[in-house]
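*Asks:* Have a look at the structure that comes next, please.
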Amino acid sequence: MSIPNPTVTGGGAGTGHGTALRMTLQLAAPAVRRAAVHLWRPQGLRRRYLAYLLAMHEVIRASVPLMELAAAGCDRPAAGDPVRGDPARGDPVRGDPVGGDPLGGAAVGGAAVGGDPVRGDPVRAPLRAYLAEHIPEERDHDDWLLADLVAAGGAADRPGRPPGPLAARLVGPQYYWIAHWHPVCLLGYIGALEGNPPSPLLADHLAAATGLCGAAFRTLRHHAQVDAGHSQAVFDLLDRLPLTAPQQRAVRVSGLHTMSALTDLFDQLGAIT
Amino acid sequence: MTAPEWNALDALNAAGFPVGSFTAEQCEVFGRLSTAEVDMLVDLKARLDAVEPEVQAHGAVAGAALF
């Protein structure tokens, strides 16, 4: 298994947390690529592409709601957050989304001011600004996928079915982490998804292999063009954010979980013959 | 008797990651990984190893994630 030495833009600048996340996700990337290659094999490709559009609709319909939830979460402490002490007095801090670490690491850093996790957290304002800027870029992509589905000969009412457990496993943890720990966790999810976009060659390859019209690949083509830039924006933001050690770990766990769940989803789709 | 100290690079090396070829920057980053993170990486690597030649043969059209 070869591990690429990443060409890192901005490496060494700022905090470097985006660089570290990118390097960590690259350790997991070969597994995602393997699953995608199996998904796109020629035999039975038309059926799998239709299933892929439905599955991606289940995922992408949550993109803007997640970003909006995270943006709102930048202005309030996590739900169910236990009473915390005042680190300025040296009190222990329990379950603190700024300084505590529910993910198994030592509690390092943290900057709660008088026990207020919002006012004392320098991550929240730049995170909120990033989300406000990028939410419009992601809006209505779920509708694009439905249009692609219709163009590919799929039934437009199919998304009315209950979403599958693998899509929920991919998306669902983000709601938990945002609501109960810290909205910065979403950056791991975004970095993982936008860091593994469709190849620029993929839409043409699929069109030729399936015989479907070009309108069936609008969303793929768009993401192949823009996601590299979008993922760069996420990593650049993380390179500027003064994350605590627990926050760094939470973002990495979010990203790695996303890679794992994405692999599972692609494997399930790839099993369709 | 105390439990051995956690060493992420040792765990990655034991799982077959090419730790010896990592750059100093990679060693610094990966050395900070927790057990949960290494466990996820090891699981993904195990699933990859059986089919890696397929990845190398068709990588030009790989990629599929959408956000």
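The values are calculated or read from the model by the stated rules, or taken from the named source; none is laboratory data. None of the values given here were measured: they were computed from a predicted structure. Ideal geometry is used to build each Cβ from the backbone, glycine not excepted, and the neighbour counts take in all protein chains shown. We work out accessible area using only protein heavy atoms, side chains counted, and drop any ligands, DNA or RNA first. Shrake-Rupley method; radii C 1.70, N 1.55, O 1.52, S 1.80 Å.
*Asks:* For the pairing of chain A with chain B, what total accessible surface becomes buried, with a 1.4 angstrom probe, in square angstrom to the nearest 100?
*Replies:* On the way: alone 12140 and 5630 Å², together 13910 Å².
Buried area (both sides, nearest 100 Å²): 3900 Å².
*Asks:* Taking a probe of 1.4 Å, how large is the accessible area per residue of segment A:192-273, in Å²? Show your work: numbers first, answer last.
*Replies:* Details: 2530 Å² over 82 residues.
About 31 Å² of surface per residue is accessible.
*Asks:* Calculate the mean, over all residues of peptide B:20-26, of how many other protein chain Cβ atoms lie within 10 angstrom of the residue's Cβ. Before the final figure, lay out each step's value.
*Replies:* Working: counts 0, 3, 4, 4, 0, 9, 9.
Mean shielding count: 4.
*Asks:* Now for a different question. Give the average, rounded to an integer, of partner chain Cβ atoms located within 10 angstrom of each Cβ in A:224-231. Walk me through the intermediate numbers first.
*Replies:* On the way: counts 2, 0, 0, 4, 0, 0, 1, 2.
What the average comes to for A:224-231 is 1.
*Asks:* Sort A:45-53, A:162-170 by packing, meaning the average of other beta carbons within 10 Å per residue, with the highest value first. Walk me through the numbers on the way to the answer.
*Replies:* On the way: A:45-53: 21.1, A:162-170: 16.7.
Put in order of decreasing packing, that is A:45-53, A:162-170.
*Asks:* Another question, if that's okay. Can you work out the accessible area per residue across chain B, with the rest of the protein chains kept in place, probe 1.4 Å, in square angstrom?
*Replies:* On the way: 3520 Å² over 67 residues.
Per-residue value: 53 Å².
*Asks:* Report in % the part of the accessible area of segment A:117-273 that belongs to carbon and sulfur, leaving out ligands and nucleic acids; probe 1.4 Å. Each step should come with its number before you reach the end.
*Replies:* Working: 3320 of 5680 Å².
Taking all protein chains in place, segment A:117-273 shows 59 percent carbon and sulfur surface.
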